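First up is the structure itself, then whatever we jot down about it.
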Amino acid sequence: MGKKVTKKLVDELYGLLSPCRICPRACKAKRLDGESGNCSAGIKVKISSFHQHFGEEPPLVGRHGSGTIFFTNCNLHCVFCQNYQISQLGMGREATLEELGEMMLKLQNLGCHNINFVTPTPWVPQIVKALALAQDKGLNIPIVYNCGGYESLETLKLLEGVIDIYMPDIKYADNEHAEKYSIVPDYWDIVRPALKEMYRQVGDLKVKNGIAQRGLLIRHLVLPNDIAGSRTCFEFVSQHLSVHTVVNVMAQYYPTYKASQVPDIDRRITTKEYRHALTELERCGLDEGFRQTIDTIFRVNVPEWTDDLS
Ligand code: SF4
């Protein structure tokens, strides 16, 4: 479990909310004054569901599951988002920070091996404030920051020591594809320094008795027609982070949300495309990570969620 959250840290994070620059969009919404930003997030935290999740990577799931809390809204707008009802359509309900802290404690009491925030990016100040409340009541399991990789360095630096496990995506290897499919102008420029900062803070994934304790775990969703730029993504990880980085190469892409109307991504990937991505992973020397996650490689890992907030 990371360090104790201080009031100073909470104040610094809340200072980034108006005008909002919590994420790299820096859209300057005055969230403390009731405005919502590009991500549609306002000031009151909004949650879709929380539960023991058994569909995450095995080192997070263990025997008792990953204590996953799904937040509404997202700072990316992927046309193929598999959770689009939550991320784009606003499904969820407002919760107080006291309720959010209680959710964390309930998940810990259920035996979960970690608290897994998905997607925390627009809500970092509120999450950290609620985390402090939960820590005061005994929360002491690892904290997972499960995000799309489009993160502000300023925000990430403030999170040093608080986050135990970073689990970002690396979605694209160029800005043009990111603009077209996730409506974000500079993904490739942003994700590389963000991943470097995460790696600087937590290093390679450390697993004890099969359970992740600390470190970086990267997800890469293979897209049709190599739109994700898998080879370039893996080259970056191998050359600028570590050849020991655990990379979960995911095969479960399917054209949901708006993707069936978008040429080039309106189909699932082929076996050949997936195998090509794995070949590139090995070619980049990411063998250790690959072996560590080999049992996740062929898992169809569509996140489950419910409306049950009880
Ligand atoms: S977190 Fe949301 S409101 Fe804040 S800068 Fe990013 S998109 Fe704008």
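Counting only residues that are among the aliphatic types (A, V, I, L, M) and either part of a helix (DSSP H, G or I) or open to solvent by 80 Å² or more (accessible area, probe 1.4 Å) (or both), the range 252-287 holds 4 of them. Criterion first (under 14 Å from the mean Cα position of the chain (by Cα), crowded, with 24+ Cβ neighbours inside 10 Å and in contact (Cβ under 8 Å) with a residue 40 or more places away in the chain) does residue 116 satisfy it? Criteria met by residue 116.
Among the residues making up the range 171-212, those that are hydrophobic (A, V, I, L, M, F, W, C) and more than 22 Å from residue 114 (Cα to Cα) are 173, 178, 183, 184, 188, 190, 191, 194.
Inspection of the range 123-141 identifies at least one residue that is within 28 Å of residue 220 (Cα to Cα), open to solvent by 10 Å² or more (accessible area, probe 1.4 Å) and away from the ligand (no atom under 15 Å from the Cβ). The single residue among 112, 20, 39 that is more than 30 Å from residue 260 (Cα to Cα) and within 10 Å of the ligand (Cβ to nearest atom) turns out to be 20. With the condition kept exactly as written, say whether any residue in the range 96-109 is more than 30 Å from residue 261 (Cα to Cα), touching a residue at least 40 places away in the same chain (Cβ under 8 Å) and within 13 Å of the chain's Cα centre (by Cα). No, the range 96-109 has no match at all.
Applying a threshold of 9 Å to beta carbon distances and a minimum spacing of six or more residues, or different chains, the list of pairs starting in the range 173-197 at a residue that is under 16 Å from residue 80 (Cβ atoms) and ending at one that is assigned to a helix (DSSP H, G or I) and open to solvent by 80 Å² or more (accessible area, probe 1.4 Å) reads 187/179. Restricting attention to the range 23-34 and to residues that are surrounded by fewer than 16 Cβ atoms within 10 Å (Cβ to Cβ) and more than 6 Å from the ligand (Cβ to nearest atom), the residue that is farthest from residue 92 (Cα to Cα) turns out to be 28.
The values are calculated or read from the model by the stated rules, or taken from the named source; none is laboratory data. Note that this is a predicted model, so its numbers are computed, not measured. Every residue, glycine among them, receives a Cβ derived from its backbone with ideal geometry; neighbour counts consider all protein chains shown. With ligands, DNA and RNA removed, areas are computed over all heavy atoms of the protein, side chains included. Shrake-Rupley method; radii C 1.70, N 1.55, O 1.52, S 1.80 Å.
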